[in-house]
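J.: One structure follows; several queries about it will come next.
What follows is calculated from the coordinates using simple rules that are stated; it is not laboratory data. What you are looking at is a predicted structure, and each value in this text was computed from that prediction instead of being measured.
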Amino acid sequence: MSNACKLLKILSFLFFVVGILSAGMGATALFAGSAAGDITSVMIVSCVVVIVLGVIEIVTAVFGIRAANNPAKAGVVWIWSIICLACSAISLLLSLPLLGGTGSSIPDFTGLIVSIIYFVLANRVKKEGMDRLS
């Protein structure tokens, strides 16, 4: 197993845990805000984006673990890493004060950086899988 495969597997486990936490916290914030009656439309959109990003991270992690074990199947995780990267960018944009966010975008920026690293690793594993096939 190459270094890229090992790192992809480690990052996939991290994505899986963070995805579960993200989806859970987004759902909790959405339902708690709705129950209190103190939720705005921007908060609803942000909560939905966090939930969707959490689910996408879980799916990406599952495909990432599969690709780390068998690099020939890395094409799917490469596509999901692009989707995850796009969702992380949207989450970062929604956290900006200009769009009604709180302005504390450090966690979203960190998520974007990790998504970029994940995409690069998925790309390397995909290339390794293509090299093994040829």
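J.: If one takes the longest principal axis of the Cα atoms in the chain, at what angle in degrees, from 0 to 90 and to the nearest 10, does the Cα axis of helix 106-133 lie?
T.: Helix 106-133 sits at roughly 20 degrees to that axis.
J.: Related question: Give me a comma-separated list of calculated 3J(HN,Hα) values for the stretch 34-48, in order, Karplus coefficients 6.51, -1.76, 1.60 applied at θ = phi - 60°, integers in Hz, x for any Gly or Pro.
T.: So the J values, rounded to whole Hz, are 5, 5, 7, x, 10, 10, 9, 5, 5, 5, 5, 4, 4, 5, 5.
J.: Return the inverse of the average 1/r over all pairs of distinct C-alpha atoms in the stretch 30-73, which is the Kirkwood hydrodynamic radius, in Å to one decimal.
T.: 12.4
J.: Quick one: Kirkwood hydrodynamic radius for the chain, alpha-carbon pairs, angstrom, one decimal?
T.: Over the chain, the inverse of the mean reciprocal pair distance is 15.3 Å.
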